[in-house]
Amino acid sequence: MTVVQSQSSTTNKVLGHPLNAWYVAAWDHEVTRKPMSRRIANRPVALYRTEDGKAVALADACWHRLAPLSMGKTIGKDGIQCPYHGIVYNSAGRCVSMPAQETINPSATVPSFPVVERYRYVWVWLGDPTMADPDLVPDMHQMTSPEWAGDGETIHADCNYQLVLDNLMDLTHEEFVHSSSIGQEELSESDFVVSHDGNTVTVTRWMLNIDAPPFWLKNMRDKFPGFEGKVDRWQIIRFEAPSTIRIDVGVAKAGTGAPEGDRSQGVNGYVMNTITPETDRSCHYFWAFMRNYRLESQLITTQLRNGVHGVFGEDEAMLKAQQEAIDANPDYEFYNLNIDGGGMWVRRLIERMLVAEGRLATSA
Amino acid sequence: MAATNIEVWQRATVAEVRNVAQGIQRIELEPEQPKRAEPGSHIDVNVVIEGNVQKRSYSVVESSEDGRRLVISVMKAPQSRGGSLYMHTLQAGDTLEITQPLQNFPLRVGAERYILLAGGVGITAIVNMARVLKSLRADYTLVYVGRSRTAMAYLAELQELHGENLVVHVDDEGTALKVDELIASAGLDTELYMCGPIRLMDAVRRAWTERELDLPNLRYETFGNSGWYDPEEFIVKVPRLGIEAKVGQGRSMLEALEDAGADMMFDCRKGECGLCEVRILELDGAIDHRDVFYSERQQHAAEKMCCCVSRGITSKTGAKADASPDGPAVITIDVS
Ligand code: FES
Ligand code: FES
Ligand SMILES: [Fe+2]
């Protein structure tokens with residue numbers, strides 16, 4: 001008989017982040033000719049655009065005395081000048097001018113991180129650059145598809161990024177945290193199915209023949225003016241490692257075949273979330289709400305963005321309080337419930353990435 | 001890169017020693033605190049020369065995925081400062097002090113085209129880069145230049161791995177590299193990485209500048225141990241401090257000054273940073289500038305020199321045989 005020993009289900013309270021992964025550094029519109037600084041995966045990064053509009057990510061610390069390059073200015077075709085003693089680097093992070101001497105020290109470089117611009121975001125890769133395959137950027141195609149419209153924002157969340165992933169993988173919290181907008185008791189009463197592969201985890205929940213909560217009733221009426229009656233509601237949460245979660249959400253007139261695949265009598269949204277660790281106890285949470293109806297209406301785009309802004313503000317407060325409680329109780333553990341099934345698979349996949357990078361010991 | 005170049009010293013055990021070309025030893029090390037070596041990285045090693053511990057740098061030729069096995073290769077240079085002699089005495093089972101891999105010569109992923117140029121034992125800095133470029137399916141040419149095939153380490157392995165991407169030039173076969181032709185094949189998107197004797201690197205630098213290619217795309221590593229001339233013994237004088245010291249063939253001027261009691265400032269000890277600069281007051285002979293800190297103009301002016309690598313010579317041809325019979329070069333300097 002073969003005994004397969006599985007890795008024990010550690011429930012890290014402060015989980016490390018893989019480095020061999022694409023993380024969103026910024027919205028595309030945030031990165032301009034004027035350099036900005038953002039800490040990503042514990043590393044300060046200077047972001048700017050070249051004259052040709054190409055986004056660049058350099059370590060935000062000059063080779064010479066580590067002054068932040070982001071305080072400097074862009075110069076020439078693709079360069080940036082250190083604000084302190086004027087060393088100029090090109091977009092590859094190589095020194096192109098040392099003001100106080102006639103030559104250039106060949107060692108003078110700052111790390112230049114691989115960058116991909118896709119789905120309205122600037123993605124960076126902080127790990128081994130030889131592994132930075134652009135095909136590994138998580139799928140967020142609704143962000144730029146002509147069949148979807150919407151917008152989003154960034155939340156600076158004062159918690160370990162894993163707490164946000166936990167939050168999104170288990171939406172039973174809506175009933176308690178978001179009772180005035182999308183919460184309803186059928187959420188925690190209804191059954192859900194978890195599935196996974198090597199890189200993704202999916203949690204599917206259907207609530208049939210229920211009253212639409214206020215947020216969804218409004219959306220139904222945007223598409224079907226004057227709508228009244230019961231709906232079938234779905235939430236299909238899809239995680240892609242290490243930290244992107246898209247949630248396919250919507251409601252359709254009850255009994256019109258949505259569970260079987262006909263969503264024509266409903267409204268469909270995609271909650272796009274990608275979370276970039278900032279430090280061990282903070283993260284940049286990039287979200288957007290995309291919809292596939294009334295694409296022409298900027299009014300609806302703005303209303304939805306403002307609506308979700310309010311909802312996520314409730315999460316933000318909870319996450320901050322949770323992190324504070326974790327830190328104030330270092331000797332207390334996490335316990336797991338059945339509802340954490342999705343979140344636990346997320347942790348398992350991330351832990352495997354960390355082990356592969358040699359940054360988490362395998363428990364025997 | 002500066003940010004990741006913290007020296008972590010550790011013990012390493014010699015696992016295997018093997019001769020891979022005339023005068024070149026391949027040394028396989030098992031470090032106590034393994035760290036994977038990126039392409040272009042090197043380790044610093046404490047070598048023992050006449051009972052004194054000194055630091056030398058060697059490129060990492062190969063590294064296992066987990067860094068538990070690091071390979072360096074050392075050429076026994078007859079006129080070296082003594083470090084290579086020590087390295088050639090190492091046997092399997094010996095231990096020595098090394099740093100974790102350090103990086104001054106990073107390979108940038110994502111260039112349109114690469115030329116890797118290795119001269120002689122400079123191949124050690126290039127082998128790992130070539131391997132990574134191949135696995136990335138990058139557009140690259142590996143150019144390997146040597147005196148004779150017997151002196152060229154890893155030739156067979158490189159031929160097998162890189163096939164058509166490898167171009168070999170051998171002096172004594174009459175196929176010496178024509179630097180201008182090589183640089184003519186480089187475009188604006190080409191990055192050239194080189195490691196080799198200073199004559200080769202100077203020639204490439206000149207051709208690169210003449211073609212008006214972007215200087216930052218020319219990448220090279222110096223270990224400050226080769227010059228245009230054979231090293232000769234010479235005299236250094238510092239009148240203000242009452243110092244007169246002989247600099248032997250195997251010593252640097254910086255070391256000789258330190259031995260004589262001068263309080264010297266320095267950092268890289270390989271001719272890059274310019275911190276060891278001394279002012280030349282009087283010169284009997286000529287200077288063999290071996291640094292990359294000064295421009296050609298500054299080197300010609302011969303007003304200052306990097307004493308960690310540059311030397312005094314009398315020979316007009318560069319060959320030691322032509323050194324002046326009237327005695328060694330004398331450099332009179334002042335220090336900071
Ligand atoms: S700190 Fe940047 S040039 Fe000195
Ligand atoms: S010590 Fe750096 S150039 Fe001499
Ligand atoms: Fe929430």
Residues of segment A:92-122 that turn out to be closer than 18 Å to residue B:108 by Cα, more than 10 Å from every other protein chain (Cβ to nearest Cβ) and either buried (at least 21 other Cβ atoms within 10 Å of the Cβ) or of a type in the set (Phe, Trp, Tyr) (or both), as a count: 1
Given (1) away from ligand 2 (no atom under 16 Å from the Cβ); (2) buried (at least 16 other Cβ atoms within 10 Å of the Cβ), number of the condition residue A:133 does not satisfy: (2)
Residue in segment A:196-208 that is surrounded by 15 or more Cβ atoms within 10 Å (Cβ to Cβ) and within 15 Å of ligand 3 (Cβ to nearest atom) present: yes
Single condition residue B:246 does not satisfy, out of (1) under 17 Å from the mean Cα position of the chain (by Cα); (2) farther than 30 Å from residue B:200 by Cβ: (1)
Of all residues in segment B:274-289 being assigned to a loop (DSSP other than H, G, I, E, B) and within 14 Å of chain A (Cβ to nearest Cβ), the one that is nearest to the chain's Cα centre (by Cα): B:289
From the options B:301, B:329, residue that is away from ligand 3 (no atom under 16 Å from the Cβ) and either more than 14 Å from chain A (Cβ to nearest Cβ) or in contact with a strand residue (DSSP E or B) (Cβ under 8 Å, 6 or more places away or on another chain) (or both): B:329
Selected residue (only one of A:311, A:346 is within 16 Å of ligand 3 (Cβ to nearest atom) and over 18 Å from residue A:161 (Cβ atoms)): A:311
Selection within segment B:89-135 - out of contact with any Leu (no Cβ under 8 Å at 6 or more places or on another chain) and surrounded by fewer than 18 Cβ atoms within 10 Å (Cβ to Cβ): B:89, B:91, B:92, B:93, B:94, B:95, B:97, B:110, B:112, B:113, B:135
Any hit, segment B:54-65, residues being of a type outside the set (Gly, Ala, Ser), farther than 23 Å from residue B:155 by Cβ and modelled with pLDDT of 90 or more: no
Members of segment B:276-302 found to be modelled with pLDDT of 95 or more and surrounded by fewer than 16 Cβ atoms within 10 Å (Cβ to Cβ), listed by number: B:279, B:281, B:282
Subset of segment B:221-247 [surrounded by 15 or more Cβ atoms within 10 Å (Cβ to Cβ) and without any contact (Cβ under 8 Å) to a residue 60 or more places away in the chain]: B:243, B:245
Residues being more than 6 Å from ligand 2 (Cβ to nearest atom) and either assigned by TED's automatic domain parsing to the domain that holds residue B:195 or within 22 Å of residue B:230 (Cα to Cα) (or both) - total across segment B:246-281: 16
Near pairs, Cβ below 7 angstrom, 6+ apart or cross-chain, from segment A:65-79 (closer than 17 Å to residue A:96 by Cβ and hydroxyl-bearing (Ser, Thr, Tyr)) to any residue that is outside any loop (DSSP other than H, G, I, E, B) and within 13 Å of ligand 1 (Cβ to nearest atom): A:74/A:80
Qualifying residue in segment B:137-157 (condition: without any contact (Cβ under 8 Å) to a residue 24 or more places away in the chain, more than 22 Å from the chain's Cα centre (by Cα) and more than 14 Å from every other protein chain (Cβ to nearest Cβ)): yes
Top-ranked residue of segment B:290-336 - restricted to ones that are under 25 Å from residue B:205 (Cβ atoms) and in a helix (DSSP H, G or I), ranked as nearest to ligand 1 (Cβ to nearest atom): B:298
Hits in segment A:230-262 - residues which are crowded, with 20+ Cβ neighbours inside 10 Å and within 17 Å of residue A:217 (Cα to Cα): A:231, A:232, A:233, A:234, A:235, A:249, A:250, A:251, A:252, A:258
Subset tally (residues that are crowded, with 17+ Cβ neighbours inside 10 Å and out of contact with any Ser or Thr (no Cβ under 6 Å at 6 or more places or on another chain)) for segment B:24-35: 7
Residue check for residue A:153: surrounded by fewer than 17 Cβ atoms within 10 Å (Cβ to Cβ), over 30 Å from residue B:220 (Cβ atoms), more than 14 Å from every other protein chain (Cβ to nearest Cβ) and at pLDDT below 95: no
Number of positions in segment A:50-92 that are within 16 Å of ligand 2 (Cβ to nearest atom) and of a type in the set (A, V, I, L, M, F, W, C): 1
Residue match in segment A:130-150 (condition: more than 10 Å from chain B (Cβ to nearest Cβ) and part of a strand (DSSP E or B)): yes
In segment A:45-93, the residues that are part of a strand (DSSP E or B) and away from ligand 1 (no atom under 14 Å from the Cβ): A:45, A:47, A:48, A:49, A:55, A:56, A:57, A:74
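The values are calculated or read from the model by the stated rules, or taken from the named source; none is laboratory data. Only a predicted model underlies this, so the values are computations on that prediction, with no experimental measurement involved. Positions of Cβ are backbone-derived with ideal geometry, glycine not excepted, and every protein chain shown enters the neighbour counts.
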